[in-house]
1. So if I check each of 185, 139, which one is surrounded by 22 or more Cβ atoms within 10 Å (Cβ to Cβ) and basic (Lys, Arg)?
2. Output the residue which, of all residues in the stretch 103-130 that are open to solvent by 70 Å² or more (accessible area, probe 1.4 Å) and basic (Lys, Arg), is nearest to residue 145 (Cα to Cα).
3. Check whether at least one residue in the stretch 52-67 is modelled with pLDDT of 80 or more and not in a helix (DSSP H, G or I), and report yes or no.
4. Only one of (1) surrounded by fewer than 19 Cβ atoms within 10 Å (Cβ to Cβ); (2) charged (D, E, K, R); (3) modelled with pLDDT under 95; (4) farther than 30 Å from residue 186 by Cβ is not met by residue 134, so which one is it?
5. Scan the stretch 120-142 for residues that are assigned to a helix (DSSP H, G or I), within 18 Å of residue 96 (Cα to Cα) and touching a residue at least 40 places away in the same chain (Cβ under 8 Å) and report the count.
6. Any residue in the stretch 43-53 that is surrounded by 15 or more Cβ atoms within 10 Å (Cβ to Cβ) and in contact with a His (Cβ under 9 Å, 6 or more places away or on another chain)?
7. Given the condition of a type outside the set (A, V, I, L, M), within 14 Å of residue 146 (Cβ to Cβ) and modelled with pLDDT under 85, answer yes or no: does some residue in the stretch 190-211 qualify?
8. Filter the stretch 58-102 down to the residues that are open to solvent by less than 10 Å² (accessible area, probe 1.4 Å), of a type outside the set (A, V, I, L, M, F, W, C) and free of Cβ contacts under 8 Å to residues at least 60 places away in the same chain, then identify the one that is nearest to residue 129 (Cα to Cα).
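The values are calculated or read from the model by the stated rules, or taken from the named source; none is laboratory data. From a predicted model like this one, the values you see are computed outputs, not experimental measurements. Don't worry about glycine lacking a Cβ; one is built from the backbone with ideal geometry, like all the others, and counts go over all protein chains shown. Accessible surface areas use protein heavy atoms only, side chains included; no ligands, DNA or RNA. Shrake-Rupley method; radii C 1.70, N 1.55, O 1.52, S 1.80 Å.
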Amino acid sequence: TVLLNPLDAVQWSLYYPNVIAAATQRDPRRDDPRSSLYWVQAAQNHLLRGQVVAARQAIDRALTLDPNDALAYSLRSNIDLVQNRKTPALADAEQAIAADPSSSAAYLSLSLVRQAEFDLDAALEAARKAVALDPNNARALIQESSLLFGMGRLREAVKVAEQARQRAPDDAMVNTVWGFLQLARFRVNKAHEAFLVAIAQDSTLGLPQLG
């Protein structure tokens, strides 16, 4: 049986997930430089271009405008985690939750940190909290799925991944995890198809290339 070990599970999620929820995509504050959301969006865009320094500067602007912006703390937590700065990553994830206990993105960030600390039970609990707060958060769903996969709970992982695919069929990470799940089920053709779709959606991701 093909299973994902804890180290692989950590490596799976060390990327910069989009913390801008679908609901905020239509928020007019995204177009207002006087709004913290404008700068959080700018930070996310910088990260997509690999401009980490500029992203941090944009997050600083966001937090200057709103010291309780949970999305800003969540995004900064993700940056710290990718840079292997786990202590500040945890602090920012916890600050995000304190700023907005109803933020799905905040709990997703906490899940990623706990995963990097190899505390998969705590990571799964946080991921499930993120999903409970926003059942349409495909990244939270695929985080839950990848954790279940890493814990050897393949059937549960597939079920959750199917929900993620229904909500975000065009998400490269969702399709990447789906591909590995198909490999674990010895469905090689379906896995190959999923990896090709993921590569077409985001050629910068290394995991589907590996798959």
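1. Details: 185 fails: surrounded by 22 or more Cβ atoms within 10 Å (Cβ to Cβ).
Within the list 185, 139, the selection yields 139.
2. The qualifying residue nearest to residue 145 (Cα to Cα) is 128.
3. Looking only at the stretch 52-67, we keep the residues that are modelled with pLDDT of 80 or more, and these are 52-67.
Next, only the ones that are not in a helix (DSSP H, G or I) stay: 66-67.
There is at least one residue in the stretch 52-67 that is modelled with pLDDT of 80 or more and not in a helix (DSSP H, G or I).
4. (1)
5. Residues that pass the stated criteria total 1.
6. yes
7. Of the stretch 190-211, the ones of a type outside the set (A, V, I, L, M) are 190, 192-193, 195, 201-204, 206, 208-209, 211.
Narrowing the set further to residues that are within 14 Å of residue 146 (Cβ to Cβ) leaves 208, 211.
In the following step, the residues that additionally are modelled with pLDDT under 85 were identified as 208, 211.
Scanning the stretch 190-211 turns up at least one residue that is of a type outside the set (A, V, I, L, M), within 14 Å of residue 146 (Cβ to Cβ) and modelled with pLDDT under 85.
8. Among residues in the stretch 58-102 that are open to solvent by less than 10 Å² (accessible area, probe 1.4 Å), of a type outside the set (A, V, I, L, M, F, W, C) and free of Cβ contacts under 8 Å to residues at least 60 places away in the same chain, the one nearest to residue 129 (Cα to Cα) is 74.
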